[in-house]
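Peer 1: Below is a structure I'd like to ask you about.
The values are calculated or read from the model by the stated rules, or taken from the named source; none is laboratory data. Keep in mind the model is a prediction, meaning the values are calculated, not measured. Here the Cβ positions follow ideal geometry from the backbone for every residue, glycine too, while neighbour counts run over all protein chains shown. Accessible surface is based on the protein model in full, side chains and every heavy atom, while ligands, DNA and RNA are left aside. Shrake-Rupley method; radii C 1.70, N 1.55, O 1.52, S 1.80 Å.
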Amino acid sequence: MTKLIGIRHEDKYAMERRVPLIPRHVERLIKTKKLDIVVQSSDKRIFPDEEYQKAGAAIADNLKNCDVIFGVKEIPETFFETGKTYIFFSHVIKGQSYNMPMLRRMMELKCNLIDYEKVVDEQGKRLIFFGRYAGLAGMINSLWSLGLRLKEYGTDTPFLNLKQARHYSSLAEARNAISAVGQEIAEKGLPRELRPFTVAFTGYGNVSQGAQEILGLLPVKEISPEKLLELEKREHLPNNLIYKVVFKEEHLVEPVEPGTEFDLHDYYANPQHYRGTFSKYLPHLSMLINCIYWDARYPRLVTKEQLAGLFRDGRPKLTVVGDISCDVNGAVEFTEKATEIEDPIFVYDPFIQSITMGHQGEGMLVMAVDILPSELPRDSSSGFSDVLMNFVKPIADCDFNDEFEDLDLPRAVKRALILHNGELTPDYRYLEEYINA
């Protein structure tokens with residue numbers, strides 16, 4: 001049973017320009033899968049209405065006639081209609097309180113909800129994601145921020161030649177600009193007072209890999225966390241090299257019980273039995289790029305108190321925190337807010353615990369843009385659509401009136417079905433306590 005497919009226009013953020021399906025893939029779905037696709041008109045989308053029209057899609061002001069609707073970010077409660085199927089990043093799986101009214105409304109209207117974040121393979125690995133592009137844009141922004149902040153301190157560096165990610169026409173243009181900075185560092189070096197220049201990445205997934213990809217355009221040498229602690233004791237360190245350190249879980253926490261060995265599976269199952277240890281590395285870092293998954297069960301990466309301690313002896317070596325994971329008051333406790341693309345950075349003063357937007361002021365500069373992939377909207381949408389297009393027809397053909405056990409969906413998609421006709425599916429019944437809170 002083929003249904004009318006809709007692609008909604010994004011309205012959560014003024015600078016949200018991504019799409020779930022690009023025109024080239026829409027054309028293939030129409031021609032080879034015989035799907036009828038309607039695209040909601042938008043004057044800001046990175047791919048204009050005309051491109052979708054040429055691809056064979058209908059353009060409409062609303063999606064009232066569509067049974068299955070694809071989006072990117074959260075959808076306003078007023079948009080939902082009875083019995084329809086919605087596919088988007090719902091941000092409800094942690095019980096996020098700000099999205100519980102949206103989830104309740106979908107339940108009232110007996111909607112189906114599929115969340116991209118939970119489309120995973122048999123090993124739990126995500127299949128449809130923007131994470132790599134968050135890492136790419138986040139690292140570009142962090143290096144741009146670094147140039148501004150060091151200039152504020154009176155130090156000129158090649159990083160001043162960089163721009164915020166959104167000001168590049170493409171990822172390729174951004175890469176070229178950063179490669180040019182890398183060439184200058186290789187030839188002329190960095191100012192003596194910055195040596196050794198060290199960049200820490202927490203996490204090693206798609207987000208971290210994207211961020212590391214950008215840093216790799218500079219002259220980089222990777223060292224272990226253990227060697228980081230000894231690095232400053234070495235003589236004759238080169239001034240044209242950046243040291244990269246990747247931190248895994250065993251570097252971030254330790255068991256509370258003395259004499260107990262770190263166990264990754266136990267850590268994920270019983271995080272309350274562990275405490276954070278990352279603070280010992282902070283004095284040795286020039287930049288911190290946070291890419292870890294975090295929720296309230298886990299120890300924080302850096303607390304406000306630890307940051308204040310870092311500043312008590314004067315301005316620390318750590319200059320910029322790129323909080324790509326962007327959990328407000330989360331792993332990086334002083335990430336006081338998620339920032340918008342138009343106003344992406346702030347300085348957190350650890351003594352008065354307040355922020356000043358921009359790159360000036362006393363304290364730590366934080367880059368915490370909430371929708372980083374939208375700074376590279378064309379590239380990130382294309383990468384996302386490459387995978388999503390393979391699931392569109394199975395979703396369109398599914399009869400959601402069937403019992404949950406009998407739904408004819410790919411296993412990866414069925415794992416991501418949070419609501420089935422307004423009811424929480426078995427894997428997501430834990431959300432009841434958040435909905436009723």
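Peer 1: What are the ³J(HN,Hα) values, in whole Hz, obtained from phi via the Karplus relation 6.51 cos²θ - 1.76 cosθ + 1.60 with θ = phi - 60°, for each residue of region 301-314 in sequence order, with x given for Gly and Pro?
Peer 2: 6, 9, 9, 4, 5, 5, 5, 4, x, 5, 8, 5, 9, x
Peer 1: Also, I was wondering about something else. Report, ordered by chain and residue number, the lysines lying within cross-link reach of K151, taken as a straight Cα distance under 18 Å and ignoring same-chain residues fewer than 8 apart.
Peer 2: Partners found: K163, K188, K317.
Peer 1: Quick one: check the C-alpha center-to-center distance for region 70-107 versus region 169-222, whole angstrom.
Peer 2: Spelled out, the Cα-based centre of one part sits 38 Å from the other.
Peer 1: So what's the back-of-envelope 222 nm ellipticity for the chain, counting only DSSP H runs of four-plus at -39500 (n - 2.57) apiece and dividing by all residues, rounded to 500?
Peer 2: The per-residue figure over the chain is -8500 deg cm²/dmol.
Peer 1: Can you give me the relative contact order of region 281-437 as a percent, contacts being Cα pairs under 8 Å and 6 or more apart?
Peer 2: 16 percent
Peer 1: State which entries of K73/K414; K227/K337; K54/K393 exceed 27 angstrom in Cα-Cα distance in the structure shown.
Peer 2: Where the Cα-Cα span goes over 27 Å, the pairs concerned are K227/K337.
Peer 1: Cross-link candidates for K33: which aspartates and glutamates have Cα within less than 20 Å, leaving aside residues fewer than 8 places away along the same chain?
Peer 2: E51, D67, D386, D397, D399, D408
Peer 1: Give the span of the chain's Cα atoms along each principal axis, as three whole-Å numbers ordered largest to smallest.
Peer 2: 71, 52, 37
Peer 1: Can I ask one more? Under a 1.4 Å probe, what is the accessible area of the chain per residue, stated in Å²?
Peer 2: Ligands and nucleic acids excluded, the result is 44 Å² per residue.
Peer 1: So, in nm, how far is label K221 from label E433 when the simple model puts each one 7 Å beyond its Cα toward the Cβ?
Peer 2: With each label placed 7 Å out from Cα toward Cβ, I get 5.0 nm.
Peer 1: Additional query: Run the accessible area of the chain with a 1.4 Å probe and give the carbon-and-sulfur part as a rounded percent.
Peer 2: On the chain, the fraction of accessible area on carbon and sulfur atoms equals 46 percent.
Peer 1: K188 versus H273, label points 7 Å from Cα toward the beta carbon: distance in nm?
Peer 2: That separation, rounded to one decimal, is 5.4 nm.
Peer 1: I'd like the projected area of region 187-325, averaged over all directions, using the convex hull of its alpha carbons. Report it in nm² with one decimal.
Peer 2: Its average projected convex-hull area is 9.4 nm².
Peer 1: State the extension gain, in nm to one decimal, for the chain segment bounded by K64 and Q353, taking 0.36 nm per residue of separation less the distance between their alpha-carbons.
Peer 2: 99.3 nm
Peer 1: Shifting gears a bit: Using 7 Å Cα-to-Cβ label points, what is the Y153/L109 separation (nm, one decimal)?
Peer 2: Between Y153 and L109, the label points sit 5.0 nm apart.
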